[in-house]
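A short worksheet on the structure shown next.
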Amino acid sequence: MRQLLLLRHAKSSWDDPALSDHARPLNARGRRAAAAIAQAMRELGLSPDIVLVSSARRTLQTLEALTPFEDGALVEPMDALYLAPWRQLLEVVQAVPETARSLLLIGHNPGLHELAMALAGAGGMARGGPGLQRLAEGYPTGALAEFTIAGHWRQLEPGNGRLVRFIQPRDLLAADPTEAMS
């Protein structure tokens, strides 16, 4: 079994209208959410072999909050992941070396959400439980979906993933009432 982790970048700042979308940094809430997801990943033992990350500033800053990884993952920033549609994301995953057992993809919506739903497949709602229902409702900033994948990366197709868990920052930051409201 292979593990596919899909992480949407944490909340970004819109404070500087002069910045391009690609150059927007994380805001304070996003930095807290990224740190919470990093802690959850460590507690769950989620340590990827390969990390593919969009070249946007907010995705790279989200990655910074997660590092270092326990086993020293290979990290590759990719321009092709910036606002990529789900089919392009799927092609990138299919091209991952077969030696990789765990892959973390850090990207953007709507492509990331659409990829997660495609992997779960049409029959996924019946077998996916509450995690899949929450995923179907939306993919908020900083959210992490963990899938198990049977077979080789190059064979990955819609419906071939099984959602293990879907973690949203608001679940992790629920002790802080100002975070839970967002």
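We did not get these values from a lab; they are worked out from the coordinates using the rules stated. Note that the structure is predicted; figures quoted are calculated from it, not measured. Quick reminder, even Gly has a Cβ in these numbers, built from the backbone with ideal geometry, and neighbours come from all protein chains shown.
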Cβ-defined net charge surrounding S20, 15 Å radius [Lys, Arg +1; Asp, Glu -1]
-1
Paramagnetic label zone (point 7 Å from Cα along Cα-to-C-beta, D71; backbone N under 11 Å) in region 1-41:
3
Report the charge-dipole magnitude of region 18-91 in Debye, nearest 20, computed about the Cα centre from +1 at each Lys and Arg Cβ and -1 at each Asp and Glu Cβ.
500
Exposure proxy check on Y139, Y82: fewest-to-most Cβ neighbours within 10 Å is Y82, Y139
Neighbour counts of other C-beta atoms within 10 Å: give me V164, V53 arranged from fewest to most.
V164, V53
When T59, T67 are ordered from fewest to most other Cβ atoms inside 10 Å of their Cβ, what list results?
T67, T59
Quick one: dipole size for region 2-180, taken about the Cα centre, charges +1 on Lys/Arg Cβ and -1 on Asp/Glu Cβ, in debye to the nearest 20.
320
Evaluate the distance, in nm, between pseudo-label points positioned 7 Å from the Cα of D15 and of E43 along their respective Cα→Cβ axes.
2.9
Dipole axis of the chain (+1 Lys, Arg; -1 Asp, Glu on Cβ), positive-most option in I50, H22, L4:
L4
